[in-house]
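Asker: Below you'll find the structure I mean.
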Amino acid sequence: MLSIKNIEVVYNDVILVLKGLSLEVQEGNIVCLLGSNGAGKTTTLKAISGLLRPDNGDITDGEILFMGTRIDRKDAAEIVKMGIFQVMEGRRVFKDLTVEENLIAGGYIRTKGEIAQGIEKVYTYFPRLKERRKQLAGYMSGGEQQMLAIGRALMAKPKLILMDEPSLGLSPLLVKEIFKIIKQLNEIEKTTILLVEQNANMALSVSHRGYIMENGRIVLDGDRDYLLANDDVKEFYLGVS
Ligand code: ATP
């Protein structure tokens, strides 16, 4: 479904951050991208979603294909329309809008009827958002804002969701809840998910496949069981040896 081939990203014309990165996401899968701070995970998502582009000098080599079409020269709005939606790190929601207004904004490419259906669907996944639907998003807790950020993605009915560290700053209990929902989105809605995470244990527990990146390159990839059994992964990412 998504194919990244030898992509290179340069920041400010000088710093090479992605150094020929390649990865594949098969339709129907959850694929996680793991790696330490600064490895280039967020940069990879930005290259896919059109926030980094060749015509701005950010992407200097390689190509990105989505369902057979090259998307690396398309802008972010076109890429959303094609069915790719990014849930940003730090739960970007409109803080001065209510929960429900945020959801409506998330469905801006859909019809009125689809928006109404979408809101009901989001509320079945996140009953807490229904209880708080009139509340300003800025007053919600971190976990609730993360739920809202994922709810907004659902409103766009994407084929592929890019998720940047959904566990960041959440209590272990909430992390479990969020990951349970990520799994349901994949199983019930058939949404394909590319998941960037520092929490390798949690991410691998829901993923079909994973990629490990270091310093702008993929250093290891494989299916979940292969990665869970790998000694380097155990030592450096899972905290067991
Ligand atoms: P983290 O887990 O800490 O978020 P990451 O793997 O997502 O890390 P990126 O955010 O992709 O890493 O950053 C990769 C490298 O690019 C880092 O060294 C970072 O300092 C640098 N970088 C990121 N954004 C910019 C920018 N706008 N301008 C210059 N350098 C940047």
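Asker: In whole percent, what relative contact order does the chain give with Cα contacts below 8 Å and a gap of six or more residues?
Answerer: Values: 451 pairs, mean separation 63.6, N = 241.
The normalised contact order for the chain reaches 26 percent.
Asker: What's the ranking of 171-179, 153-161 by average number of surrounding C-beta atoms within 10 Å, highest first? Kindly include the intermediate steps, with their values, before the conclusion.
Answerer: Details: 171-179: 15.4, 153-161: 21.4.
The most tightly packed comes first, giving 153-161, 171-179.
Asker: Looking at MET82, GLY106, ASN12, which one has the Cα that reaches farthest to the positive end of the dipole of the chain (charges on Cβ: Lys, Arg +1; Asp, Glu -1)?
Answerer: So the residue we want is GLY106.
Asker: What is the range 1-141's relative contact order, in percent, from Cα pairs under 8 angstrom and six or more apart in sequence? Each step should come with its number before you reach the end.
Answerer: On the way: 183 pairs, mean separation 29.4, N = 141.
Contact order relative to length: 21 percent.
Asker: Separate question: Radius of gyration and Dmax for the range 1-153's Cα atoms, expressed in Å?
Answerer: Every Cα atom of the range 1-153 included, Rg and Dmax give 17.2, 49 Å.
Asker: Still on this structure: Just need the relative contact order of the range 40-85 here, percent rounded to a whole number, with Cα pairs under 8 Å and 6+ apart. It would help to have the intermediate numbers written out before the result.
Answerer: Details: 43 pairs, mean separation 17.0, N = 46.
Rounded, it is 37 percent for the range 40-85.
Asker: OK, next. Excluding same-chain residues fewer than 8 positions from LYS176, which lysines have a Cα within less than 27 Å of its Cα?
Answerer: Excluding near neighbours in sequence, the set is LYS41, LYS46, LYS95, LYS121, LYS130, LYS134, LYS157, LYS159, LYS190, LYS234.
Asker: Under a point-charge model restricted to the Cβ atoms of Lys and Arg (+1) and Asp and Glu (-1), what is the dipole moment magnitude of the range 67-150 relative to its Cα centre, in debye to the nearest 20?
Answerer: Values: 15 positive and 11 negative charges, 16 e Å.
Charge dipole of the range 67-150: 80 debye, to the nearest 20.
Throughout, read-outs are computed from the coordinates displayed, never taken from laboratory work. Treat the numbers as computed from the prediction; the structure is a model and nothing was measured. Reconstructed Cβ throughout: ideal geometry from the backbone, glycine too, with neighbour counts over all protein chains shown.
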